[in-house]
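These notes concern the structure reproduced below.
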Amino acid sequence: MMNLARPARFICYTTLLFVAHLAAGAQNTFTDAEANGVKSFLRENFHQTNACIVIALADEHGNRLFTAGKLDNGTDQEVNGDTVFFIGSVSKTFTTLLLEDMVERGEMKLDASVARYLSTSVKVPTHGGREITLLDLATHSAGCPGNPDNMSGADVREQYESYTVGKMYAFLSGYTLNRDPGTEFEYSNVGMALLGHVIALKAGTNFESLVVNRLCRPLHMDSTCITLTSELKTRLAMGHDGSGKPSPPWKLQAYSPAGDIHSTANDLLKYASAHAGLVPSSLSPLMKRTHKLRFKDSRGLPDVPGGLFGHTAMDWVDRDAYQPPPHRTPRSRWWRRQLSRLGRL
C-alpha cells in the first residue's frame with residue numbers, strides 16, 4: 001500500500017502486520033521463535049546503516065513493536081513507536097474511509113457521478129454512456145491511469161509536488177476512457193487524488209481537516225496529520241532516495257489524498273486494530289465496508305516485478321498474501337516471506 005507508483009526509494013519503513021482473526025484462535029499468538037526471527041532479520045539488515053524500521057504487530061493478545069536504526073535527522077535518536085514516518089499510499093485507505101464517512105452522514109452517495117461534485121467547466125470522461133462514480137474512484141476501477149500525462153518537472157519529486165488541481169482538471173477534460181468505468185481494477189494515483197478532492201469540496205473544508213477531525217480524533221491518533229508541527233518534526237525519520245541521500249517528506253498539492261499523510265507505528269496500531277476489530281470504535285462499521293472485495297488485479301504496476309495487488313477492496317489489497325484453507329501458507333513460512341519482501345524494498 002505504499003506506492004505512489006514507487007517515485008523514490010525511502011529507506012525508512014513503517015510496517016503493519018496483522019496477526020488477528022485468521023480463524024485459528026489461540027494459535028495465532030506471536031511466538032518467541034517468530035519474535036527472535038524478526039530480531040535476527042533486523043540485526044542482519046539494519047545494523048550500522050542509515051536505515052531505520054518499525055515493525056508493529058497487533059493481535060487479540062495486544063501489540064508488539066520491533067525497531068532498528070536511528071532517525072538520521074542530525075541527532076542520535078533511535079526510532080520507536082512514536083517516530084513519525086511519511087506513510088505514502090497507506091493514506092489512500094484514509095481517503096476511502098472518509099468517503100464511507102461522507103456516505104454515512106448522508107453527504108455523498110457511492111453511486112453518485114463524480115461530475116456531480118465538480119464545476120460544469122470540468123469535463124469528466126465517460127465510456128459507453130457510463131459515468132465515473134465515487135465508488136469507481138475508491139476501488140481504482142474508474143479507468144484512469146496510474147498517473148496523468150500532464151505531469152511536469154525536473155525529476156519525479158517535482159512532478160508530484162507541482163501537480164495542481166488545475167492540472168488535474170485539464171487532464172480530466174482531455175482524457176479518453178478505453179473501457180466502461182467500474183469493470184476492472186487499475187491502480188490510479190490521480191483517481192484517488194480526485195476522490196479526496198471532491199470529498200473536501202463537498203464537505204466545504206480541506207482534506208487534512210477531514211482526516212484529523214473525522215478519523216484521527218475518534219481513534220486518538222494524535223501524531224497523524226499532513227502538516228507537521230515543530231514537535232512532530234523532531235520525531236521525523238528521515239527518508240532517503242535510491243542513492244542514499246536524505247529525502248524529506250514530499251509536499252503534495254492535488255495529490256495529497258493519494259499519499260501525503262504522516263503517522264507513527266503507535267498511531268497506526270490504533271488504526272489497524274480498529275480495522276481488525278480488536279478494539280471498539282465508532283468507525284468500525286465504516287471500516288468494514290471498505291474491506292469488501294471488489295476485484296482481482298491483473299495489471300499491477302508498470303515496471304514493478306511482482307507488482308500485482310491480488311484481491312482488492314477500498315483501498316485495501318492483499319497482494320495474494322492471504323490464502324483460505326486448505327491452501328493457507330504455514331505461518332512460519334508466511335513470516336519469512338514478509339521479511340524477505342522488506343529486505344528487497
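Quick notes on this one:
- The set of residues in region 56-82 that are of a type outside the set (Gly, Ala, Ser), farther than 10 Å from ALA237 by Cα and assigned to a strand (DSSP E or B) comprises LEU57, ASP59, ASN63, ARG64, LEU65, PHE66, THR67.
- Residue satisfying all of: in region 236-259; of a type outside the set (S, T, N, Q), modelled with pLDDT of 95 or more and in a loop (DSSP other than H, G, I, E, B); nearest to MET168 (Cα to Cα) among these: ALA254
- Residue count for region 260-308 under the criterion of being crowded, with 16+ Cβ neighbours inside 10 Å, modelled with pLDDT of 90 or more and of a type in the set (A, V, I, L, M): the result is 11.
- First in region 56-73 and more than 27 Å from PRO249 (Cα to Cα), second anywhere and part of a loop (DSSP other than H, G, I, E, B) and hydrophobic (A, V, I, L, M, F, W, C), Cβ under 6 Å, 6 or more apart: ASP59/VAL19; ASP59/ALA20
- A single member of PHE85, PHE66 is farther than 25 Å from PHE171 by Cβ, in contact with a Lys or Arg (Cβ under 7 Å, 6 or more places away or on another chain) and among the aromatic types (Phe, Trp, Tyr), and it is PHE66.
- Whenever a residue of region 150-164 is aliphatic (A, V, I, L, M), its partners that are surrounded by 12 or more Cβ atoms within 10 Å (Cβ to Cβ), lying with C-beta atoms within less than 6 angstrom and at least six residues away or across chains, give the pairs MET151/GLN159; MET151/TYR163; VAL156/PRO7.
- Yes/no for ASN178 being touching a residue at least 12 places away in the same chain (Cβ under 8 Å), out of contact with any strand residue (DSSP E or B) (no Cβ under 9 Å at 6 or more places or on another chain), surrounded by fewer than 17 Cβ atoms within 10 Å (Cβ to Cβ) and in a loop (DSSP other than H, G, I, E, B): no
- Index of the failed condition, PHE10 passing every other in (1) modelled with pLDDT of 90 or more; (2) assigned to a loop (DSSP other than H, G, I, E, B); (3) not basic (Lys, Arg): (1)
- The set of residues from region 144-165 being hydrophobic (A, V, I, L, M, F, W, C), assigned to a loop (DSSP other than H, G, I, E, B) and touching a helix residue (DSSP H, G or I) at 6+ places or on another chain (Cβ under 8 Å) comprises CYS144, MET151.
- Condition met for THR133 (under 20 Å from MET287 (Cβ atoms), of a type in the set (Ser, Thr, Tyr), modelled with pLDDT of 95 or more and touching an Asp or Glu at 6+ places or on another chain (Cβ under 9 Å)): no
- Residues of region 309-319 classified as closer than 19 Å to ALA142 by Cβ and either surrounded by fewer than 16 Cβ atoms within 10 Å (Cβ to Cβ) or touching a Phe, Trp or Tyr at 6+ places or on another chain (Cβ under 7 Å) (or both), total: 3
- Verdict on ALA193 being buried (at least 21 other Cβ atoms within 10 Å of the Cβ) and part of a helix (DSSP H, G or I): yes
The values are calculated or read from the model by the stated rules, or taken from the named source; none is laboratory data. As the structure is a computational prediction, the values presented were derived from the model and not from experiment. When we count neighbours, we look across all protein chains shown, and the Cβ atoms used for this are built from the backbone with ideal geometry, even at glycine.
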